[in-house]
Every structure is written in C-alpha cells, then in structure tokens.
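The values are calculated or read from the model by the stated rules, or taken from the named source; none is laboratory data. Values in this document were obtained by computation on a predicted structure and should not be read as measured data. Heads up, the Cβs are rebuilt from the backbone with ideal geometry, glycines too, and the neighbour counts pull from every protein chain shown.
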Amino acid sequence: MRVTEVRDAYGEIARLAAELEEQDRKMLAVTDRMIDLEQVLRRLLTVHTGECRLDHEGFCQEHGFEVPCAVEVARRVLAGEAL
Ligand SMILES: [Zn+2]
C-alpha cells in the first residue's frame, strides 16, 4: 500500500468519524426537544384534568377543542399510543 493510499484512508476515516459525531449531535438535539415537548405536554395536562364530555357531533365540551379532543390525543400519546 502506498503512503498516499494510507493517507487517503485516514482522511476518509476522519471524515466519517466527523459525520457520525455530527449525526450524534443532531440526534441528541432531537431527543432534548422531544423531552422538552413531553414535559410541556404533561404540564398542560395538569390544567385539563377533567374527563372528556363529547356532544352528539363528537366535540369535547369539557376541553373545547377540535375533533378529536386535543386533551384526549395528548393523553394517548403520553401513554405511548401511536396517532
Ligand atoms: Zn376532551
């Protein structure tokens, strides 16, 4: 193996390592954002503690949001259900 090939291989390894580090940084930022959003959602649900009361058209009269009730959706998401 020639010296230039070894140098190129090390350069490629260094480039890939930097790329992996950047991906890790981005994943940590996404994880931090998800944690923040979950905390905000849990705090929001401490305000809306009542059970849903749906009218004949499916609108929640307790929380006054759209269909489906945003509070119910938030509760399901925090319980781990897929939307
Ligand atoms: Zn509701």
Do we find that L41 is outside the structural domain of G80 (by TED's automatic domain parsing) and more than 20 Å from L83 (Cα to Cα) in this structure? no
If we scan the range 60-71, do we find a residue that is of a type in the set (V, I, T), in contact with a strand residue (DSSP E or B) (Cβ under 9 Å, 6 or more places away or on another chain) and either in contact (Cβ under 8 Å) with a residue 60 or more places away in the chain or part of a loop (DSSP other than H, G, I, E, B) (or both)? yes
Residue pairs qualifying under the 7 Å Cβ cut-off, at least six apart or on distinct chains, with the first in the range 38-54 being within 12 Å of R75 (Cα to Cα) and the second being assigned to a loop (DSSP other than H, G, I, E, B) and within 12 Å of the ligand (Cβ to nearest atom), are H48/H63; G50/E62; E51/E62; C52/E62; C52/H63; C52/C69
Single match in V40, V73 (criterion: among the β-branched types (V, I, T) and within 14 Å of the ligand (Cβ to nearest atom)): V73
Within the range 52-59, does at least one residue satisfy the condition of being among the small types (G, A, S) and surrounded by fewer than 10 Cβ atoms within 10 Å (Cβ to Cβ)? no
